[in-house]
Structure formats: C-alpha cells, structure tokens
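Some notes on the structure that comes next.
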C-alpha cells in the first residue's frame with residue numbers, strides 16, 4: 001500500500017464569499033486555522049463543498065495558494081483539480097502542484113458520462129504528466145459515472161494514484177477483494193465513516209468537520225486506536241448533524257450553519273441559492289444539540 005496522504009479526518013472546507021460574490025480570503029484563512037487548531041488531519045480545498053465548479057482559474061489557484069500558505073506544512077493540503085475536460089484537468093493539476101499541494105483530488109468527469117475506457121484514459125492522462133499524488137474521487141450521485149473495482153485494478157500501475165475518496169460504499173468490499181491493499185480509501189460519506197473504516201479505510205473527507213473538526217477526527221482515531229465503542233458512539237452522535245447538513249444540496253446547509261455560528265461564510269454562488277426557511281429552522285434546531293463552544297471561543301480572538 002502506498003503511504004497515505006493522511007490518516008483520520010480531512011475537512012472538505014467551504015469557500016467563504018462576500019456579498020458581491022468574491023472570495024473572502026481572510027475568512028478562509030481563519031477557517032483553516034480553526035480547523036488545524038482543532039486537530040483536523042488534512043485540509044481539502046476547492047472540492048464540491050468549496051464550490052470549485054463556480055470558480056475562475058485565478059480564484060481556484062488563489063484559494064489553493066491560500067490553503068497551502070495558511071497550513072504551512074502543519075497538515076497536508078489536498079486540492080480539488082477535477083474537470084470533465086481532461087486537458088483542463090491535466091493543466092490545473094500541474095498548476096496546483098507548483099503551489100505546493102500534498103495531493104490532488106480528481107473527481108470523475110461529469111456530464112460527459114464517459115465509459116470505463118474513457119475514464120481510464122482520463123486518469124491515465126492526469127497520472128502520466130505529473131508525479132503529484134492523486135486521490136480519485138468517486139461520487140456517482142453527482143457525476144453519474146462510477147469507478148469500478150476492475151478499473152481501479154487497471155489504474156493500479158500508476159504509482160502516483162495513491163487513494164480513492166469513495167462514495168459508492170457498496171463496492172468497497174469488492175475493491176479490497178480485487179485490488180488488495182493497493183489504495184488508501186477514504187469515506188466520502190460522513191454518516192458511514194466508521195463502517196468504512198471498519199473495512200480498512202484510512203479516514204473520511206468530511207463536510208461536518210467544518211463545524212465539529214475535533215469530534216470528527218477523534219471519531220476516526222478512536223476506531224484506529226482500538227476504542228470501537230467511542231468511535232461508534234461518536235458516529236451515532238453525529239448522525240442528526242449529518243442529516244441536517246444534507247437536507248438540502250451541499251454546501252447550502254453547512255454554509256448556513258457556519259453563518260449561524262458566527263463565521264463570515266457568506267452566500268453560495270448561483271445556481272446554489274439561499275436555504276429555505278424550513279431548512280434554516282432544522283439547522284438551528286440541530287446545532288442546539290451540539291457543543292460548538294470551540295467555534296465561539298476561536299471567534300472571540
């Protein structure tokens with residue numbers, strides 16, 4: 001098995017915007033600093049939760065630069081560089097590597113709905129032009145494309161493909177059966193992180209870690225350290241928050257929650273819009289059941 005980019009919980013960090021829609025880099029720095037101080041194990045910038053699909057090239061790279069500079073080597077920084085245009089993905093991955101990222105998170109091409117052969121050639125192109133560690137991102141609910149275990153076996157010859165963020169959890173046993181320990185797997189589902197860790201995954205790339213990073217990380221490390229009960233209890237405790245964070249399209253609820261807690265997370269960019277009144281009430285009511293005092297203490301500084 002290749003060395004994992006991280007073990008534990010990586011936060012799929014939001015991108016805060018000001019009301020005119022530009023990125024609030026000062027607040028992004030504060031959010032990342034809070035996450036690191038709260039013992040998060042990795043920062044994942046410019047992913048789905050970060051609304052990277054709405055960013056210009058300049059914004060995308062500047063957000064990555066901000067994350068790398070703020071982390072300053074304290075935790076690994078993983079940058080989303082995926083695209084449905086292979087040439088664009090190749091170039092963005094190269095540019096991100098130059099900024100000092102520790103790995104790139106490369107989602108399957110979306111909308112094009114490519115075949116498994118097309119998917120193989122896409123990842124072949126990205127892996128062949130850079131030695132940057134790559135974590136493939138398999139999220140069929142958003143892309144309508146699945147990375148099959150058989151395709152992962154074909155891709156195993158590319159040594160810099162070191163891991164998979166897997167949201168199709170039903171195929172995880174087949175991945176291990178067919179590929180052995182070739183890949184470091186990470187759960188892409190907060191609510192099923194511990195079940196996936198129990199199968200051998202190294203961690204989770206988490207949305208709820210934006211709100212409760214220390215609890216999310218300690219949940220994973222508890223299981224790894226052998227305290228199954230503590231890990232199970234933490235997973236169950238997080239479920240209502242997980243459900244609330246996905247009651248509308250991510251990242252609408254998590255940005256709503258962060259604004260409620262006092263962050264300047266700002267709005268989402270269109271086509272994502274403000275949360276419904278019912279969704280807002282649900283987020284408020286759910287947050288009341290969790291200890292978010294760490295956020296309040298941090299924001300007092």
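Arranged from fewest to most other beta-carbon atoms within 10 Å of their beta carbon, 246, 158 become 158, 246. For residue 39 and residue 115, the FRET efficiency from 1/(1 + (r/R0)^6), where r spans their Cβ atoms and R0 equals 41 Å, is about 0.45. Segment residue 289..residue 22, full-extension length gain: 92.8 nm, with 0.36 nm per residue of separation and the alpha-carbon distance subtracted.
Averaging the Cα positions of each part gives two centres, and for the stretch 33-92 and the stretch 222-253 these lie 23 Å apart.
Summarising the label geometry, the points placed 7 Å from Cα in the beta-carbon direction at residue 296 and residue 125 lie 5.2 nm from one another. Beta-bridge orientation, the chain: approximately 5 percent antiparallel, per DSSP, counting only bridges with both partners inside. Remark: spin-label model distance residue 56-residue 264 equals 2.1 nm, labels positioned 7 Å along the Cα→Cβ axis.
The simple Förster model, with R0 at 25 Å and r as the Cβ-Cβ distance, assigns residue 232 and residue 178 a FRET efficiency of 0.30.
Counting every other Cβ atom within 10 Å of each residue's Cβ, 258, 219 order from fewest to most as 258, 219. Between 178, 101, 147, the Gaussian network model of the chain with springs among Cα atoms under 10 angstrom shows the greatest mean-square fluctuation at 178. Taking the helices alone, the chain has a mean residue ellipticity at 222 nm of -13500 deg cm²/dmol, built from -39,500 (n - 2.57) per DSSP H run of at least 4 residues and averaged over all its residues.
Between 255, 165, 237, the GNM of the chain built on Cα springs shorter than 10 angstrom shows 237 fluctuating the most. Ranked for footprinting exposure by Cβ neighbours inside 10 Å, fewest first, 177, 222 give 177, 222.
Cα centroid separation, the stretch 123-150 to the stretch 260-277: 30 Å.
Each value in this text was obtained by applying a stated rule to the coordinates, not by laboratory testing. What you are looking at is a predicted structure, and each value in this text was computed from that prediction instead of being measured. Every residue, glycine as well, gets a Cβ built from its backbone with ideal geometry; the counts of neighbours run over all protein chains shown.
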